[in-house]
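Here it is, the structure in full.
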Amino acid sequence: MTDTTERRRSSRAALVAAALAAVCVVAASAQQTVFRSKVDVIAVDVQVVDGDGNPIGRIGPESFTVTINGQRRKVVSAQFIAQQPNGADPAEPAPPEGRGRTFVLAVDSGSFEVGSERAPIEGAQTFVQHLDPSDRVGLFVYPAGTSIAPTMQRAPITITLGRVVGQKDPLRSHYNLRPFEIVDITAQTSNPNSFLTAARNITSPTVDGGPQVELDPVLKIQARECPEDPDCPSKIYSEGIQLAIQLERQVQTSLTGLEALLRALERIPGRKAVVLVSAGLLVSDRTDGRPDVGDIARAMGQSAARANATVYTVHIDKTPGVGPASQKAPGSSEMARDRALYGNWLSDFSQAAGGRLIYVPVGTADFAFDRILRETSAYYLLGVEPAAADRDGLPRKLGVKVNRRGVSVRSRQWVVVPPKG
């Protein structure tokens with residue numbers, strides 16, 4: 001990745017930030033939440049939903065438990081704020097942002113191969129048409145950098161969505177390597193039973209409850225693909241490393257685009273819901289495997305807190321196939337691991353950002369977009385009394401629980417409490 005490419009991406013992020021901020025800055029004063037209280041409180045927004053994603057109302061402040069860096073803080077108030085469509089009774093209190101929500105559709109076109117993006121894009125277009133007229137919606141497509149600032153106009157969004165094309169380079173493997181096999185191959189330097197560090201007399205896993213010895217994945221693949229070729233293990237290993245490098249480039253491109261979006265959203269006041277449409281982000285489930293992105297989910301969750309953004313991910317299952325028809329199909333546990341490799345990081349990030357990942361095995365994802373509309377139709381604005389030590393402007397771990405059975409709580413896992421003015 002060249003310095004020129006990085007500079008272009010930084011410039012693109014700045015332009016996106018300026019464009020997005022320009023539309024919304026006029027509403028800044030309306031989007032600031034003010035609590036009139038005898039005590040100093042901060043606002044914490046929380047969604048409480050049932051199993052179908054319907055918001056649950058009539059919960060008082062005494063039912064909420066809020067912690068900052070593990071220390072309990074007093075919940076002074078709990079205001080239930082429901083979406084009010086155009087035509088609602090003007091006597092009813094409006095949300096702090098005014099009537100209407102702010103959505104940003106984020107499409108990771110780099111996660112889709114050409115043609116595989118059509119069904120989810122159609123679902124996103126339907127989502128836009130189902131928004132209330134008072135809602136604002138923006139668009140950010142990465143890595144292309146296409147962006148539209150949040151607006152009440154629907155036509156520019158749906159037309160631009162229709163022009164999105166998948167940009168992912170397919171994985172081409174001579175030895176029909178699956179994602180989980182690539183991860184395991186890259187971890188071989190730490191496996192004492194690897195063909196790289198030991199002879200080929202690999203011990204089989206025990207079946208009597210004793211410790212299980214890890215089989216060398218390279219040798220397992222050799223038995224499947226090229227049992228008669230003594231040089232095959234080194235070729236398989238080399239291909240696995242090359243594919244891991246390709247995957248890491250794809251992951252880094254996606255993360256760069258997502259980081260640019262979050263930085264841009266920091267400049268737009270008010271509460272925002274990001275709807276991320278992605279075919280997945282393959283990240284190793286092993287500490288010694290690749291692709292490895294470290295602790296970036298934590299950092300990006302903190303960025304979402306600074307941006308006052310909740311992130312929902314619509315994960316479209318585009319797990320690679322099993323290769324030629326002659327190849328034995330992987331077992332259900334192997335398929336499940338492949339899917340998890342593509343979805344786990346996005347799920348962790350979405351939860352850290354106060355939302356969730358919705359898995360879509362096939363189709364246009366209409367059910368996922370409909371659920372997001374339901375879940376975001378109402379939320380609680382909690383007035384929380386911080387400690388003096390909380391007011392340092394740094395991200396702090398936030399925990400929110402509610403004393404209700406059978407409900408789910410959506411809350412960002414980080415909060416930034418500004419110094420007292």
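Using each residue's phi in the stretch 375-391, evaluate 6.51 cos²θ - 1.76 cosθ + 1.60 at θ = phi - 60° and report the 3J(HN,Hα) Karplus result to the nearest Hz, with x for Gly and Pro.
5, 8, 6, 6, 7, 9, 10, 8, x, 10, 8, x, 7, 4, 5, 6, 8
Ok, one more. To the nearest µm²/s, what D does Stokes-Einstein give for the stretch 221-273 at 4 °C and 1.567 mPa s, using the Kirkwood radius over alpha carbon pairs as Rh?
Calculated translational D: 89 µm²/s.
Given R₀ = 51 Å, what would the calculated FRET efficiency be for Asp229 paired with Ser116, taking r from the Cβ atoms and rounding to 0.05?
In this case the efficiency is close to 0.90.
Here is a follow-up. Enter the mean projected area of the convex hull around the alpha-carbon atoms of the stretch 310-414, in nm², rounded to one decimal.
Numbers: hull surface 39.6 nm².
Projected over every direction and averaged, the Cα hull of the stretch 310-414 covers 9.9 nm².
Using +1 at the C-beta of Lys and Arg and -1 at the C-beta of Asp and Glu, which of His315, Val402, Ser284 has the Cα lying farthest in the positive direction of the dipole of the stretch 266-421?
The listed residue farthest towards the positive side: Val402.
Counting only protein heavy atoms, what percent of the accessible surface of the stretch 236-337 is carbon or sulfur at a 1.4 Å probe? List each step's numbers first, then the result.
On the way: 1920 of 3950 Å².
Carbon with sulfur: 48 percent of the solvent-accessible area.
Sticking with this structure for a sec: Which of the trypsin sites (Lys or Arg not before Pro) found in the stretch 141-192 are in a DSSP loop and have at most 14 neighbouring Cβ atoms, other than their own, within 10 Å? Intermediate values should be presented prior to the final figure.
Working: sites: Arg154, Arg163, Lys168, Arg172; in loops: Arg154, Arg163, Lys168, Arg172.
Answer in residue order: Arg163, Arg172.
What does the extension gain come out to for Ala389 and Thr126, with contour length at 0.36 nm per residue minus their alpha carbon separation?
Taking Ala389 through Thr126 to full extension adds about 90.1 nm, to one decimal.
The values are calculated or read from the model by the stated rules, or taken from the named source; none is laboratory data. Bear in mind the structure is a predicted one, so any value in this text is a computation, not a measurement. All Cβ positions, glycine included, derive from the backbone under ideal geometry; neighbour counts span all protein chains shown. The area values use the complete protein model at the heavy-atom level, side chains included, leaving out ligands, DNA and RNA. Shrake-Rupley method; radii C 1.70, N 1.55, O 1.52, S 1.80 Å.
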